Amino acid sequence: MNNKFILAISSLFCIATFAVAQDAPAPAPEQTAPEAAVTAPEPEAQPAEQPAAPAPEAEPQVSAPAPTQTAEQPAQTNEVAPVVFYYAPTAPGNEPVQNPAQVENVPPAPQPVIEQYKPKVHPKQTTHYGIQGSIGTSTYSGDSNADFDDGLGWNAGAYINLPISDYIFSFELGSQFIYRKVSNSFTQTNRNTYETEARKDKITAYSLGFPILMNINAGRSGLLYFGMGVEFEVPLYNNLQISIDGKKRVDQDLQEDHCAPMSWDILLGMGINATSHFGLYTRMNIGISDIYDDLYIKEDGKKEYWGFKTFDLNIGLKIFI
């Protein structure tokens, strides 16, 4: 009797529970996992969340500042101060600041190349030839006081240069046409009238010259050089004129009767090779032998001229071929 009563009460309780469950609203979709909720272990109770204290080593990760940025570091305290950036003003038109990651990939700027010093190598002397010409003063110096010291001379010719060392020594051989016009002016007393007369003696001479020089360069470059040697001269034409008070009294050819067959001079000079095809030089001729064998003019048995020697000082131009 009791068992039937309990069974009837249990049946009514289940029916009532089923009816209540039918009338209850359906649960939300995200909450439909009753089995998982039943099987999962219940989490332990956690204490109330407290504000987490910042770790002393941990610092906020901040990307590297751009080249135009500066960072002010805070004073070291227990609390971490925020990092404040100050941006320098950028002039209008400037390119934007590159990303630091991109700056690392930019190759370094090329460094200036310093060339190693190398001594200049001068070319060695070679055989060459060319033409030359000069102009200057000319003087005939005699045994008496009647020197032909008022004169003009010039010459022109060709030459060849033969090196005898790589840089310093060379021989120069040449041939040239030489022109001289010298005069002597003075006053004399006419023995017949005892009057003073103005007298002028003038010699015009042409000759061929053959200079032989040894040139010595002042350095390996060959820019400046010195020369010394001799020159042989063969006369071609010699004429003497004597004028008294402007009237020609004597016009005598000296070539056949009075000229020496050959005379020679000592040569001294120096030059500058301005370019590879152009040079300047100066040269001095000092006569050693007489250019006339027995040139003299007798007046009452007195010799006025005897044994003239030349002295020339010229400046000239060389052209190398």
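The values are calculated or read from the model by the stated rules, or taken from the named source; none is laboratory data. Note that the coordinates shown come from a computational prediction; the quantities given were computed from them, not determined experimentally. Reconstructed Cβ throughout: ideal geometry from the backbone, glycine too, with neighbour counts over all protein chains shown.
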Next item on the list: Within region 277-299, track down each residue that is more than 42 Å from the chain's Cα centre (by Cα) and either hydrophobic (A, V, I, L, M, F, W, C) or not in a strand (DSSP E or B) (or both).
Entry: I288, S289, D290, I291, D293, D294, L295, Y296, I297
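Per-residue answers, yes or no, for (1) within 18 Å of T310 (Cβ to Cβ); (2) surrounded by 15 or more Cβ atoms within 10 Å (Cβ to Cβ); (3) touching a helix residue (DSSP H, G or I) at 6+ places or on another chain (Cβ under 7 Å):
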{"position": "Q116", "(1), (2), (3)": "no, no, no"}
{"position": "L173", "(1), (2), (3)": "no, yes, no"}
{"position": "R191", "(1), (2), (3)": "no, no, no"}
{"position": "A198", "(1), (2), (3)": "no, no, no"}
{"position": "P211", "(1), (2), (3)": "yes, yes, no"}
Note to self: Condition (residue is at pLDDT below 90 and surrounded by fewer than 15 Cβ atoms within 10 Å (Cβ to Cβ)) applied to region 282-295: is it met by at least one residue?
What the structure shows: yes
Check: Quick one: L267 ticks every box in (1) at pLDDT below 95; (2) in contact with a Pro (Cβ under 7 Å, 6 or more places away or on another chain); (3) not small (G, A, S) bar one, so which box is it?
Finding: (1)
Checklist line | Residue within region 137-157 that is free of Cβ contacts under 8 Å to residues at least 60 places away in the same chain, over 14 Å from K202 (Cα atoms) and among the β-branched types (V, I, T) present | finding: no
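Yes/no matrix, rows are residues, columns are (1) under 54 Å from the mean Cα position of the chain (by Cα); (2) surrounded by 15 or more Cβ atoms within 10 Å (Cβ to Cβ); (3) in a strand (DSSP E or B):
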residue	(1), (2), (3)
N215	yes, yes, yes
G222	yes, yes, no
M228	yes, no, yes
L240	no, yes, yes
D251	no, no, yes
D257	no, no, no
D265	yes, yes, yes
G271	yes, yes, yes
T275	yes, no, no
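Which of the residues that make up region 165-210 are closer than 30 Å to L223 by Cβ and assigned to a loop (DSSP other than H, G, I, E, B)?
Within region 165-210, S165, D166, Y167, I168 meet the criteria.
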Next item on the list: Output the qualifying pairs, or none if there are none: Cβ atoms under 8 angstrom, residues six or more apart or on different chains, first residue in region 258-269 and closer than 12 Å to Y237 by Cα, second residue exposed (fewer than 15 other Cβ atoms within 10 Å of the Cβ) and modelled with pLDDT under 95.
Entry: H258/D293; H258/D294; C259/D293; A260/S289; A260/D293
